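> Okay, handing you the structure first.
Just so it is clear, none of the values below were taken in a lab; they were calculated from the coordinates. These numbers were taken from a predicted model, which means no experiment stands behind them. Every residue, glycine among them, receives a Cβ derived from its backbone with ideal geometry; neighbour counts consider all protein chains shown.
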Amino acid sequence: MSQNEAVAALLSDMATLLELLGENQFKAIAHSRASRVIESLDKPVETLDKAALVAIDGIGDKIANKIVEFCATGRMKEHEELAAQVPGGLRQIMELPGLGPKTVRAMWQTLNITDLAGLRKAIDDGSLLTLPRMGEKAVEKIKGAIALGEEATRRTPIGLAMPLAERLRSELLALAKKHAKFKITRVEIAGSLRRGRDTIADLDFLVCTAGAFDSSSKTVHPILEEFTKLPEVRQIIVAGATKASVRCAINIHTARWKGGADQQPAEPTIQVDVRLVPEGSFGAAWMYFTGSKDHNVVLRQRALAQGMTLNEYGLFKEDKTTDVPPQHRGAKPVAAATEEDVFKKLGLAWVPPESRESVGEVALAEKDSLPELIELADIKCELHAHTTASDGKMSMRELVMEAHRRGFHTIAVTDHSKSSAVANGLSVERLKDQIKQVKQLNKQLADEGIDIKVLAGSEVDILADGTLDYDDDLLAELDVVVASPHVALSQDPKTATERLLKAIEHPMVHILGHPTGRLINRRNGLSPDMSTLIAAAKEHDTALEINAHWMRLDLRDTHVRMAVAGGCKIAIDCDDHDITDFDNLRYGLLTARRGGLTAASCVNAWDRKKLLAWLKR
């Protein structure tokens, strides 16, 4: 475990401990946010002094002191003091879905439940029911969560979560059409999936209705009841008048899985929450359930500073004379129906969901200075694709015609280099022959009146010492060189940085492909000093790739944000092996948007003339 990982883990645990001890909520949030910041930090934390730490957004003076202390001594005294006050087993209970810190604290303080064994006993003897607001349905939900165990806390890659979410949304829309009397006007995805995170904890849907419904009814709403009977549902957690929570099966065959059959769960599931929301408060609810938590905290603080209060029901004028929530005292919201209305009343431009991570987006929205994020329609070419010559499933012409069908003006053929034996990498002779084939295909396409340019390229292995897999004379014959690491992916950060720097600085390399080599939930890959790589990429005019495959998304969003700030070029490529891989582009776009990328900085968004001029530089 690196120092960054160790510090992030301790800060995250401190956030949990603070919540369990009933400390100030904002202090717990601060530690949680600092944990995420350190986890995504591009430099080894032990190389930063206190001043450098405090300069990082999300790291305050006191937390910086704790980080410095740990790097110097290997201990964090305050963490040890907090841990001594909390039974270790409570952390396991906190990991169960649906159990918040207040409930777990009540279990501990009232019933002396300190671990899962004690929780099971309290369920069996009925004592858990004596806790305030703990009914039989809540107990059944906890029992189900315990049974689900580890799977319930596993995050699902976006490439598996998105197809399921889209299918469920279609089925909810079909139910809305079937039950027209309920006047369902829209069904929308919320949560981390809407924000485009690379992994998803659960799926959130909002069903907007213009009809009347009784939120206090004990009867399950007909649409929610039918939803719980869909074939994907494996367990009903709760179903009521306004909300249904279930666990749904994920079809792992909806997207190409990188890995052997032994790594595929037999039938993974994911929690799905569906909420019925009145049309008048839909915008506020969509904002709230989209998140992120940190973004929502910033908005609530802004509302309070303006004499208002913000929740999932709307933006209301604050009334300090009563503790009754505004929605329960009949207060009329200042704004609630649309997200745009709520942002406007807060004095902010609308913030794209992918940017809602409390990384400075609210300050930019206040000045109406948010970047115009790249969109799917901006992408005009693909610069990383494989054919049957190496490990792809498409012939060269099939690859080119699919790119043309999708409206691309340019497609690069970049089969693997000779050292990638497992991927049938091309020998020097085979690559030379392929270059000739590309030239012949370009002539044939021109004769047929098909307007697309085919580039002769290669995905060249960056060997462990930083050298490339072909000599410079052969690389000079290529239109595009994508240099990628495939082996020695456990190198230490210093060695990895030096290795990738050699590729970036190489005069024949255009793009650094999937720079860390990570596979989501399977392999962490390299941990280079990204700020050093970004500076070098800008200096040498080398693009850094966002590999759009849902199991890679490498560069990850935090790296993209750094690259955008550093002013270097970005490529978004699908690493196509199969025709369906072109569809992964949307995941790469989500990652790019989370990093604040604009079309101007993305080489795939340029017109052909500008692209070819850059490649020939």
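> Note down the magnitude of the dipole of the chain about its Cα centre, charges +1 on Lys and Arg C-beta and -1 on Asp and Glu C-beta and zero elsewhere, to the nearest 20 debye.
Roughly 1800 debye for the chain.
> While we're looking at this one, here's another question. If I fit a long axis through the Cα atoms of helix 61-73 and take the longest principal axis of the Cα atoms of the chain, what angle between them do I get, 0 to 90°, rounded to 10?
60 degrees
> Could you work out how far helix 493-505 tilts from the main Cα principal axis of the chain, as a 0 to 90 degree angle to the nearest 10?
40 degrees
> Taking Cα atoms, how many degrees apart are the long axis of helix 136-148 and the longest axis of the chain, rounded to 10 and kept between 0 and 90?
Once rounded, one gets 30 degrees.
> Cα to Cα, under 16 Å, and not fewer than 8 places away if on the same chain: which aspartates and glutamates meet these conditions relative to Lys317?
Within reach: Asp341.
> Sticking with this one: In the calculated pair distance distribution of region 154-282, what percentage of Cα-Cα distances lie above 19 Å? It would help to have the intermediate numbers written out before the result.
Values: 3974 of 8256 pairs.
Of all Cα-Cα distances in region 154-282, 48 percent exceed 19 Å.
> Which Cα, out of Thr309, Gly347, Leu364, lies furthest along the positive dipole direction of region 291-370 (beta carbon charges, K/R +1, D/E -1)?
The listed residue farthest towards the positive side: Thr309.
> Within a 10 angstrom radius of the beta carbon, how do Tyr288, Tyr587 rank from fewest other beta carbons to most?
Ordered from fewest to most neighbouring Cβ atoms within 10 Å, Tyr288, Tyr587 come out as Tyr288, Tyr587.
> Also, quick follow-up: Check the straight Cα-Cα distances from Lys616 and name the lysines below 23 Å, setting aside those fewer than 8 residues away within the same chain.
By straight Cα distance, Lys616 reaches Lys380, Lys432, Lys436, Lys439, Lys443, Lys453, Lys502, Lys538, Lys569.
> Quick one: of the DSSP bridges fully inside region 154-282, what percent are antiparallel, nearest 5?
Antiparallel bridges make up about 70 percent of those DSSP assigns within region 154-282.
> For Ala117 and Ala600, calculate 0.36 nm times their separation in residues minus their Cα-Cα distance, and state this gained length in nm to one decimal.
Values: separation 483, 0.36 × 483 = 173.88 nm, distance 5.68 nm.
Separation in residues times 0.36 nm, less the Cα-Cα distance, equals 168.2 nm.
> If you don't mind, another one. Between Gln85 and Glu429, what length comes free when the chain is fully extended (0.36 nm per residue of separation minus the Cα-Cα distance, one decimal in nm)? Working shown, then result.
Details: separation 344, 0.36 × 344 = 123.84 nm, distance 6.80 nm.
Full extension of this stretch gives 117.0 nm more.
> What percent antiparallel are the DSSP beta bridges of the chain, to the nearest 5?
Close to 45 percent.
> Could you calculate the FRET efficiency of Ala72 with Asp447 from 1/(1 + (r/R0)^6), where r is the beta carbon distance between them and R0 is 56 Å, rounded to 0.05?
0.20
> Let me ask you something else. Determine the calculated [θ] at 222 nm for the chain from helices alone, applying -39500 (n - 2.57) to every DSSP H run no shorter than 4 residues and normalising by the residue count; nearest 500 deg cm²/dmol.
-12000 deg cm²/dmol
> R0 = 41 Å: FRET efficiency of His540 with Phe26, Cβ-based, nearest 0.05?
Details: r = 44 Å, r/R0 = 1.07.
With R0 = 41 Å, the Cβ-Cβ based efficiency is 0.40.
> Here's something else I'd like to know. In terms of Cα to Cα distance under 27 Å, which lysines are near enough to Lys218, apart from those fewer than 8 places away along the same chain?
Within reach: Lys102, Lys137, Lys141, Lys143, Lys177, Lys178, Lys181, Lys183, Lys229, Lys243, Lys332.
> A further question on this structure: Order these by the 10 Å Cβ neighbour count, fewest first: Thr558, Thr321, Thr532.
Thr321, Thr532, Thr558
> Relative contact order for the chain using alpha-carbon pairs under 8 Å, separation at least 6, rounded to a whole percent?
Once normalised by length, the contact order is 9 percent.
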